[in-house]
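Undergrad: Here's a structure for you.
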Amino acid sequence: LQLSGLPAIDHELGERFPREFTKGLLLGTAAVAVLIYAAFRTLRYTVLALAPTAIGLAWSAGLLALAGVELDLFSMFAAVTCIGIAVDYGLHVLHRYADEGAANVREALNRTGAALLVACATTLVGFGTMINSSYPPLRVFGIVSVVTLVCCFITSVFLLPAILIQAERS
């Protein structure tokens, strides 16, 4: 005798998901790190490109926990999707910084900031529409997406430049 239906599927996914999610997240992060390293050819810039996303993800996890948002399977997919989107924010700032001779953070932000703001805003509008969903998992997906993208944007355009300026002074 075998049960089927949503409760049985949820139970099976609940047992397998943490292991599969961790494996996928680690493999995805490694692949992205390799691609970034291939672009910059330095470990320092690879770490700097990934840092805003990692920090933004930590901030968003903290904010969501403080707000009492309960994460489910959908919201975990939202987090992974946002990691893939948000890593570009820091990557573009850092790439422009490297192109500007690694000495002019302000110019790097002047040349990338507006484009990143528009890219983030359009993504926020798209994911943000799910917040109004009557289906709770989609609503949480939208909330997690918006919070994560905003945090990653902030770390990319404020924290990363601050780190770069501090590194220049050292």
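Undergrad: Only one of Glu107, Glu168 is touching an Asp or Glu at 6+ places or on another chain (Cβ under 7 Å) and modelled with pLDDT under 90. Can you tell me which?
TA: Only one candidate passes the filter, namely Glu107.
Undergrad: Shifting gears a bit: Test each condition in (1) assigned to a helix (DSSP H, G or I); (2) more than 14 Å from Cys82 (Cα to Cα); (3) in contact (Cβ under 8 Å) with a residue 60 or more places away in the chain for Val69 and report the one that comes out false.
TA: Unmet for Val69, out of (1) assigned to a helix (DSSP H, G or I); (2) more than 14 Å from Cys82 (Cα to Cα); (3) in contact (Cβ under 8 Å) with a residue 60 or more places away in the chain: (1).
Undergrad: Looking at Val87 and the list (1) crowded, with 16+ Cβ neighbours inside 10 Å; (2) over 24 Å from Arg139 (Cα atoms), which single condition is not satisfied?
TA: Among (1) crowded, with 16+ Cβ neighbours inside 10 Å; (2) over 24 Å from Arg139 (Cα atoms), Val87 violates only (2).
Undergrad: Tally up the residues in region 64-86 that are farther than 18 Å from Leu116 by Cα and not aliphatic (A, V, I, L, M), please.
TA: Residues in region 64-86 being farther than 18 Å from Leu116 by Cα and not aliphatic (A, V, I, L, M): 6 in total.
Undergrad: Which pairs do you get when a residue that is touching a residue at least 40 places away in the same chain (Cβ under 8 Å) and open to solvent by less than 10 Å² (accessible area, probe 1.4 Å), found in region 143-164, comes within reach of a residue that is of a type in the set (Lys, Arg) and not in a helix (DSSP H, G or I), reach meaning Cβ atoms under 9 angstrom, with the pair 6+ apart or on two chains?
TA: No pair meets every condition.
Undergrad: Which of the residues that make up region 54-63 are open to solvent by 10 Å² or more (accessible area, probe 1.4 Å), closer than 20 Å to Leu116 by Cβ and touching a helix residue (DSSP H, G or I) at 6+ places or on another chain (Cβ under 8 Å)?
TA: Within region 54-63, Ile55, Leu57, Trp59 qualify.
Undergrad: Find the residue count for region 11-46, including only residues that are free of Cβ contacts under 8 Å to residues at least 60 places away in the same chain and within 25 Å of Phe74 (Cβ to Cβ).
TA: Qualifying residue count for the region: 21.
Undergrad: Among the residues of region 55-62, is there at least one that is farther than 30 Å from Val157 by Cβ, among the aromatic types (Phe, Trp, Tyr) and part of a helix (DSSP H, G or I)?
TA: Taking every residue of region 55-62 in turn, none turns out to be farther than 30 Å from Val157 by Cβ, among the aromatic types (Phe, Trp, Tyr) and part of a helix (DSSP H, G or I).
Undergrad: So, in region 33-46, exactly how many residues are of a type in the set (A, V, I, L, M, F, W, C) and open to solvent by 90 Å² or more (accessible area, probe 1.4 Å)?
TA: 3
The values are calculated or read from the model by the stated rules, or taken from the named source; none is laboratory data. The shown structure was predicted, so the numbers you read here are calculated from the model rather than taken from an experiment. We place every Cβ from the backbone using ideal geometry, glycine too, and count neighbours over all the protein chains shown. The area values use the complete protein model at the heavy-atom level, side chains included, leaving out ligands, DNA and RNA. Shrake-Rupley method; radii C 1.70, N 1.55, O 1.52, S 1.80 Å.
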